[in-house]
1. Can we say B:G7 is touching a residue at least 40 places away in the same chain (Cβ under 8 Å), loosely packed, with under 15 Cβ neighbours inside 10 Å, at negative phi and in a helix (DSSP H, G or I)?
2. Tell me the residue from A:L130, A:L121 that is within 14 Å of chain C (Cβ to nearest Cβ), under 30 Å from D:L197 (Cα atoms), of a type outside the set (D, E) and touching a residue at least 60 places away in the same chain (Cβ under 8 Å), please.
3. Yes or no: the stretch E:29-43 includes at least one residue that is over 17 Å from D:Y95 (Cα atoms) and at pLDDT 85 or above.
4. Within the stretch E:181-218, track down each residue that is surrounded by fewer than 20 Cβ atoms within 10 Å (Cβ to Cβ) and acidic (D, E).
5. Inspect all residues belonging to the stretch C:192-214 and state whether any of them is in the same structural domain as C:K162 (by TED's automatic domain parsing), without any contact (Cβ under 8 Å) to a residue 40 or more places away in the chain and of a type in the set (V, I, T).
6. For the subset of the stretch B:30-42 comprising residues that are assigned to a helix (DSSP H, G or I) and either closer than 18 Å to D:A194 by Cβ or of a type in the set (D, E) (or both), which member is nearest to the other protein chains (Cβ to nearest Cβ)?
7. Just need a number here: residues in the stretch C:154-195 that are touching a strand residue (DSSP E or B) at 6+ places or on another chain (Cβ under 8 Å) and of a type in the set (K, R).
Amino acid sequence: MSAPSLTPEIVLHTSPHLHSARSVGVIMRNVVYAMLPICLYGVYNFGISVVALLVVSTLSCVLTEHMFCRAAGRPSSIKDSSVIITGILLGLTLPPGFPLWMAAVGGFVAVGLGKMLFGGLGFNVFNPALVGRAFLQAAFPTAITTYTPALANGRFAEFIPTTLTFPFAQPPVITEWIARVRIDAFSGATPLTALKFDKIGTGLTPLFWGNVAGSAGETSVILILLGGLYLVARNFMDWRITAAMLLSAFVLSGVFHLSNPAAYPHPLFMLFSGGLMLGAVFMATDMVGSPVTPLGVWIYGGVMGALTILIRLLGGLPEGVMYAILIGNAVSPMIDNLTQPRVYGTQRKTGARA
Amino acid sequence: MNESSLGAIFLDSLLINNFVLSVFLGICPFIGVSNKFETAWRMGVSVIFVILVSSVLAFGTNLLLINFHAEYLRIITYIVIIASTVQLVEMFIKKTSPALFRALGIYLPLITTNCAVLGVALFQTARNYSFAQSVVFALGSSMGFTLALVIMAIIRERLELSDIPGTAKGTALVLMIAGTLSLAFMGFAGMGGGG
Amino acid sequence: MGLLSIFGGGKRLHRGVHVPEFKEQTSQLPIRRMPFPPSMIIPLSQHAGAPAVSIVREGQEVVRGEPIAKANGFVSVPMHAPATGRIERIALAPSARGELSPAIYLKPWPSASQEILYGAPQDIEHMTPEEIVKAVQETGVVGLGGAAFPTHVKMKVPEGKKIEVVMVNGCECEPYLTTDHRVMVEQPDEVLHGARIAMKAVGAQRIVIGVEDNKPDAIENLRKAAVPYPYISVEPVPAQYPQGAEKMLIHVLLGREVPSGGLPSDVGVSVFNVATLAQIGDLLPRHQGLIERVVTFAGPALKKPGNYMAALGTPLRFALEQAGCTEEAAGVILGGPMMGPAISSLDVPLTKGVTGVLVLTQKELASRNGDILPCIRCGACVDVCPLHLNPSRMGMLARKERYEEMETDFHLMDCFECGCCSYVCPSHIPLVQHFRVAKQMNRERKARERAKSNA
Amino acid sequence: MAHAHGNAPSPSESMEAFLNGLWKQNPVFVQVLGMCPTLAVTNSARNAAAMGLATIFVLVCSNTLISLVRKLVQKQVRIATYILIIATFVTMVDYIIKAVSVDVYKALGPFIALIVVNCIILGRAEAFASKNSVGKSILDGLGMGLGFAIALFCLGGVREILGAGTLFGVSLFGPNFQPWVLFLLPSGGFFTLAGWLLIFTWWKERKKRMAEAQQ
Amino acid sequence: MNQAAPQNMPSSAKLIQLMGTVSLVCGLLIVSTHQATLAPIRANQETIMRQTVAELLPGANKQITYGVDGSGNLTVLQGVDAPGPKLFAGYDASGKLIGVVLEGADRGYADVIRAMYSYSLEKQAIIGFKVTELKETPGLGDKIVTDPKFLANFKELDASLKNRIVTVKSGTKKNKWEIDAISGATISSRAVGRLIDKSAKEMIPIIQRNRQRIEGGN
C-alpha cells in the first residue's frame, strides 16, 4: 500500500477547500423556476399573447447579451441565466397585449443599456428589466397603459390585436375588440388606475388570486408570494428587502388610510394591487442593485416601499413601483456607504476615512 | 404674481423638474465634478450657498430694473451679480472659515459659469415669483442639483470597481446613467400638483 | 441568515457559516498510537517566532524526550527527540508552505519503544508564575490548535495588563477535525490540570471552558472532572464556524470585544487550546518535552481514518500509508478544510501545529471549482464575516489592485482568513486569496517606503 | 504664433482655425462643453437650428469685439470685460429672436439668456480671441459656432425623427408611425447624446485599431 | 502700498475708465437693439393674439382688449403686454359682439397648462378652446391640443354657472356642463376642466355686469 502521487495543479488551491453549493448559476436558475408558475398563470389569465410576449422579451434579452459579448470579444455570459430572469421579468411587467416589436426593443434596451454597457452581470447600477420597462413607459406611453381584460373569451385561440402590431407602426385601437371579448363590464383600467382616476375600488379576493386586469405577470399575489417563499426557504433571496418594502408600504398607506379613509384605500389593497408584490419579491431583491450591509437592506426596502406609496397616492401616475425601485437602485450605493457595519473590535466603520 | 404654493415649488424644483435631470441646467459641473463623492458634496454645498445669495440679490435687482423700466439690462446685471456673489462668498468664507475655504478650493470660482445659478435667477423672474417663492425655489433647485450630483458621484465611485467596456467609459456612461436617473425621476411627476 | 437571528440574544455567534461537519467519521474513534517511521524530520521552525537552535551533531545518539534544539530567545521553544535513535544529518527539508527550511533528520532505532524515559518530576504547586512560564518554555509546548504560537509567551502577562479569565478553547469548529474532541473525552483531567497551571501563571480568578454543543460527551466528561473546582465552568456554545477563533469565543462567552489589532489580554482574557493545556498538564509535572501530538486523519480517501498519537517528525507519506490512503486521493490538506494549506509534497513531516491531515477526493474539491464570476453583490459574505468586514467591497478593490484603500478604509488587517466569505461566495471569487495577496502587497509597499525613508 | 505672421494670416492657417472647431476640436463631441443648451433645446430640429444660429451670432460677435480690444484690456479686468461683452450680445440676440419669431422664443425660453454662461463662448474668448487677430478670431468663432450648431442639429434631428417621426415639422414616415416619445423627454436628450458619443468613441477606436493593424 | 507698483500694474482710475468705456459701448448696443426690436416684438405679440381670438371667435374681424382691475371694472387697452387679467371681445363686420375670449391656467401633469377659450354671452356657453402653453408628456398629455373628440367638448359647453364645469371619466359625459376626458390623459383633461371652471367663475360675472359696455364696443 503506497500513498498516491498528487497532481500539483489540483492541490495548489488555497483555503478554504470547501464551498457551499449556492452558486450564481444555481441561484439564477431557481429564480427562473420560482417565476414559472407566475408565467403560466399569466398565460391562463390573458391567453396566448402572453406566451408570445414572454418568449419575445426573453429571446430579445438573451440575444442582446450574446451579441454584446461577441462584440466585446469575450465569451458569451448567457450561461449564468441571469439574463433569462431579466427577460422574463420584463415580459411579466408589460401589459398582456403589448406589441411584440416594442417588447423586443425593451429587451434590447434592458440588457444593452441596463447591463452590458456597465460591464455585464454584477456591475450594473439599475435593475436591467426595470430600465427596459422605464424606457418603454417613456417611449410608448399609450401602448404600455393599454390593458385588456383577464379571462377574455377565446384568449387561447387568438392574439390580442395589439400584440401583432407591425414593427414601428402604431398599435390599433382595441376598444371594439375589448367590447367583443369581455365577459364582464371591463373599463380598460387596472385596479390602480380605476381607483386613482375613477375612484372605483376592487375587492381584495380577486386581487389575491389575480384574475384582474394588469400586467402579464403581476396580478396574482398568491403565486408571487409562493415563488418568493420558495426562494427564501432555499436561501436564494434576501427576504429582508421584501419584508422592509412591504412593511413600509403597508404602514405608510395605513397612515394615509386612517387619516382619510374616503380618499385613500385600505393598505392591503395597496399591497395586493399593481406591481408592488412582483417588484418587492423579484425586482427589489435583485442582488446587484441592492446594498450589501445588513442595515442597508432594511433602509433600502423601506425607502422603496414608501416611495411606491407616495408616487401612487400623491403623484400623477397610478403606479410607482418601477420608479421607486429604480430610485432605490440609484441610492443603494449611498445607503451602502452610510451603513457600513462597525468592524469587530473597532469604533470605526468600514469605508470611513481616517 | 404666481400662485404656486411654497411646498409645490420646493418639491417641483427639487424632484419633478430637477435642474440637472429634467431642465438641463448645470450639466457641465454635473459631468465634470461627479467622479468623487467628496468633491461633489463640496461643490453641491457651495452651489446651494451661492444660488441662495444670488437669488435674493437678483430678486432685489429685478425690482429696481422694473422700477426704472430697464428690463433690457436684466441679463447683463444678473451675470454681474452672480460673478460678484461668487467673489463675495469666496472672500466671506476665506475670512470666516479658512478650513472650508481650503476644502472648497477651486470649486467656488467655477460656479460663475454654472448655468444653474443664472437659471434660478432667470426662472424666478420669468415666473413672477414673490420673494418667499424665490427663496424656496432657489433652495429647492440648488438642493436638487446637489442631490443629483451626489447620487451620480457615489454611483461613479462604485463604477470605478466595474469592468466598463472601453467604448462606454467616460462621459457617455455618465450621460446614460443620467438618462436612466431622469427616467426614474419621472415617477415624481404630478406630485404636489392638481392630482 | 435565518429568520430567528434578528431576535438575537443568547450565547451564540451571529455571523459565520454552518459548514457540514464531517466529524462523524472520526469523532467516536479512540486515539490510537502510530508506529515510528523509518526516518523522522524535525524542522527547527515548527512554531511562530525565532527557529530553535540545534544542540546535537550528526551521528549523535539521542534518547526519546531528550532536548535536541534550544530556544533562540524568549519567543521561541526548544525541540526534543521524538524517538530514541541517531541523528542522521542536519539539513534543509521541505516544509508545508513549500519552501525549504533547516531540520534535524533522525533515524529511530528499529526496536525503539514509545515509552518516554527522559525527564524528572518537578513540584509545580510551589512555583512562581515566572517559574511556570520558564518551565512551560522548556516543554516546548506551542499552541496545538494550529497557530503554533509558543504557549509560555501567552502565559507571560504583558506589563500593565491584568488577566481575569483563562479561557479554554474546545470548539474545534473546522469540519473533519476531532483532535480536540478526543482529547477532551479521553484526557479531561489533564486539560483541567493544564488550565489550572495556566490560571496560576497568568494570575486569573476563573476558568471558562467553551465547547461546541456538537460534542456532548466532551462536555459531560469535562463537567465531571471539574466538579471539585468551583471556579471552572464548562460552557456549551452552539456549533458554528468560526466559533473556535479566539476573538469570537471571547465575544460569545464573555461579551467582550478584543480591540482591532489587540490581543485577548487587552480585555483581561488568556485563551488556550484544550490540547495545548492537556499537554502542559501532562508534561509539566514530569518536566518532559513535547514530542508527539494527536492528529486527526480524515477524509473520504482514507480507509483507516481516526485520531492518531503520532510522533512529531513523522513524514506525511508514512503517516498516510498507516491511515490507509487510497488511489482516489486528489488533495491533501494540513489542518481543517477552511483554513488549512494544501500541500504539494508528501515528504513534509507532521509538526507541532498540525491538527489534522485531510485527504480529499476529486468530488469534494470540485465543489469550489466553478467559474469565477463577477461579484453579484448578494451580500452573503458581509452577512457571514465574523468581524463585520465587507469582503465584497474588498474583493472588488483587490481586483482593481487598490490594496492600500483596503487597509486604510476597510480594515483588511483585521481579517484572520477564516474563509467564510470564500465559502459562501456564489460567484466563486477567491476572496481570502485576494486578501492574502493584498496583505502581502501592503507589507512589501510599507517595507519599500521604510527603506526609502531610511535611505 | 499669430503675431509672427502679423495681422494677415495665411489661408491655410485660417482654414485650420475654422476646421478646428468644426471637427477636430468639436465643442460638443470632443470637448464636451456647452452641455446645457445641447441637451435642453434639441427636442426638435428647428429649436436646435435656432439655438445654433444664436450661438454662432454671439460667438462671432464677441470674438470680433474681444479681439479688437484685446490690446487695451488689462489682465485684471479681462474676465469681467469679456462677460460684459458676451452678455451684451446675448441680450441682443434675445431681443432679435423675440422680434423674429415668438414661437421659437417660447420654445427656447431662458436658454437664450443662458448662452451667457455657455462655457464655449467664454472659453474661445479667453483661449483664442484674446490672443489672435480679428480675422482669425472671426473664423474661429464661425468654426466653433458651426461645430456647435452641427452637433445640436445632430441631436435635434435624431430626437425629432425618432420622437415625433418628423424633421422640421415635416412628417417622414406617414401617419402610422409610432413615435418614441422618450426622445422628446429629458432622458431622451441624455440617451441621444450618449449614443452619439458612443458612436464617436467606437469610430475613433476602430480607426486607431486599423492604424495599428497597418503598422 | 509704499512699494512702487510693478510697471504692468495699471492704476485703478485707468481700469475704471476702461470698464466704463466697455460698459458704455455695451449699453449703447443693448439699448439700440431694444429700441429697434420694440416695435416688431409688440406687433408679433398682437398678431398672435389677434389670430388666436379670430380662431376662437370665427368671423370676428374687429377686436377690443379690455383690462380688468381689482374691483371688476373694465378699461380699454391698446397693447397686449399689460399685466393683469384681460378680456378680448370680438365683433363681426357689422359691429355685433360674437363673444369674449378669456384666459385660464391650472397645474397639469408636468407643469402649468395655459389656455384661452371663447364665451358666447348669447348662448351662455363656451364655444371655443385653445391651449396656449403646454409642457405635458408628448403623445399623452398633449392630446388635449390635438384630440378632436376632446375638442368637440367645447363646441357648446354650458357656462351658465348653474353647474360646475367639470371633467368626467372618458365616455361618461351626460350633461352639457361636463367635459369628456381623454382616456390615458386624465390628469391633463382634468386640469382643463379646472382651469375653465376657475376662470369662468371669476370672469363671467364681470362680463355679465359690463355686458352693455362690451356689446357697445367702447
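1. On the way: touching a residue at least 40 places away in the same chain (Cβ under 8 Å): yes; loosely packed, with under 15 Cβ neighbours inside 10 Å: yes; at negative phi: yes; in a helix (DSSP H, G or I): yes.
Spelling it out, B:G7 is indeed touching a residue at least 40 places away in the same chain (Cβ under 8 Å), loosely packed, with under 15 Cβ neighbours inside 10 Å, at negative phi and in a helix (DSSP H, G or I).
2. Details: A:L130 fails: within 14 Å of chain C (Cβ to nearest Cβ).
After applying the criteria, what remains is A:L121.
3. Taking the stretch E:29-43 first, the residues over 17 Å from D:Y95 (Cα atoms) are none.
Scanning the stretch E:29-43 turns up no residue that is over 17 Å from D:Y95 (Cα atoms) and at pLDDT 85 or above.
4. E:E202, E:E215 - these are the residues of the stretch E:181-218 that are surrounded by fewer than 20 Cβ atoms within 10 Å (Cβ to Cβ) and acidic (D, E).
5. no
6. Narrowing the stretch B:30-42 to residues assigned to a helix (DSSP H, G or I): B:30-32, B:37-42.
Now narrow it down to the ones that are either closer than 18 Å to D:A194 by Cβ or of a type in the set (D, E) (or both): B:30-32, B:38.
Working: B:F30: 8, B:I31: 6, B:G32: 9, B:E38: 9 Å.
It comes out as B:I31.
7. Of the residues in the stretch C:154-195, 2 are touching a strand residue (DSSP E or B) at 6+ places or on another chain (Cβ under 8 Å) and of a type in the set (K, R).
Condition check ((1) buried (at least 20 other Cβ atoms within 10 Å of the Cβ); (2) touching a residue at least 12 places away in the same chain (Cβ under 8 Å); (3) within 21 Å of C:I132 (Cα to Cα)) across all residues:
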position	(1), (2), (3)
C:V237	yes, yes, no
C:V252	yes, yes, no
C:P259	no, no, no
C:F272	yes, yes, yes
C:A298	yes, yes, no
C:N307	yes, yes, no
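The values are calculated or read from the model by the stated rules, or taken from the named source; none is laboratory data. Please read these numbers as outputs of a predicted model, since none were measured by experiment. Virtual Cβ from ideal backbone geometry, glycine too; neighbours counted across all protein chains shown.
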